[in-house]
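The values are calculated or read from the model by the stated rules, or taken from the named source; none is laboratory data. Note that the structure is predicted; figures quoted are calculated from it, not measured. Quick reminder, even Gly has a Cβ in these numbers, built from the backbone with ideal geometry, and neighbours come from all protein chains shown.
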Amino acid sequence: MAIDPEFEENRELAEEHEGHKVWGPVEEPETLGIHGTHVAVDFDICIADGACLEDCPVDVFEWVDTPDHPESEIKADPAHEDQCIDCMLCVDVCPVDAIDVDPGRAGRI
């Protein structure tokens with residue numbers, strides 16, 4: 001199951017993490033929500049293979065610890081989503097479709 005591209009309409013804003021929005025529900029450690037707005041990563045389906053970190057030309061992503069999450073204990077966090085150049089490489093390389101980049105959401109970070 002891929003990230004919901006309509007998450008802003010379908011989910012509630014739950015909290016902020018390292019300067020970006022987190023869209024709920026969030027019930028740690030099993031349910032972590034979607035992190036980011038312009039560059040959004042569904043932490044609940046991210047398997048942390050690292051392709052997005054390796055391929056992003058502007059270093060949008062950083063590893064963040066997610067202890068006891070059933071998929072992986074680290075996630076690719078869009079910590080610098082404001083640097084995104086909308087190249088879509090992260091979307092293309094994500095093996096589980098956990099990332100959505102929407103240039104129209106850039107102003108709503």
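Can you spot a residue in region 30-37 that is more than 14 Å from the chain's Cα centre (by Cα) and on the phi < 0 side of the Ramachandran plot?
yes
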Item checked: Restricting region 48-61 to residues that are touching a residue at least 24 places away in the same chain (Cβ under 8 Å) and surrounded by 14 or more Cβ atoms within 10 Å (Cβ to Cβ), the residue that is nearest to Leu32 (Cα to Cα) -> Ala48
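Scan region 69-109 for residues that are among the small types (Gly, Ala, Ser) and part of a helix (DSSP H, G or I) and jot them down. Walk me through how you get there before you give the answer.
Kept after step one, since they are among the small types (Gly, Ala, Ser), are these residues of region 69-109: 72, 76, 79, 98, 104, 106-107.
Selection gives Gly104, Ala106, Gly107.
Of all the residues that make up region 83-109, how many are among the charged types (D, E, K, R) and at pLDDT below 95?
Restricting attention to region 83-109, the residues satisfying the condition of being among the charged types (D, E, K, R) are 86, 92, 97, 100, 102, 105, 108.
With the extra rule that they be at pLDDT below 95, the set shrinks to 102, 105, 108.
The total comes to 3.
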Checklist line | Conditions (1) in contact with a Lys or Arg (Cβ under 7 Å, 6 or more places away or on another chain); (2) closer than 18 Å to Ala2 by Cβ; (3) hydrophobic (A, V, I, L, M, F, W, C); number of the one not met by Val64 | finding: (2)
Note to self: If I ask for residues that are among the acidic types (Asp, Glu) and farther than 16 Å from Ile99 by Cβ, which ones from region 1-31 would you list?
What the structure shows: Glu9, Glu12, Glu15, Glu16, Glu18, Glu27, Glu28, Glu30
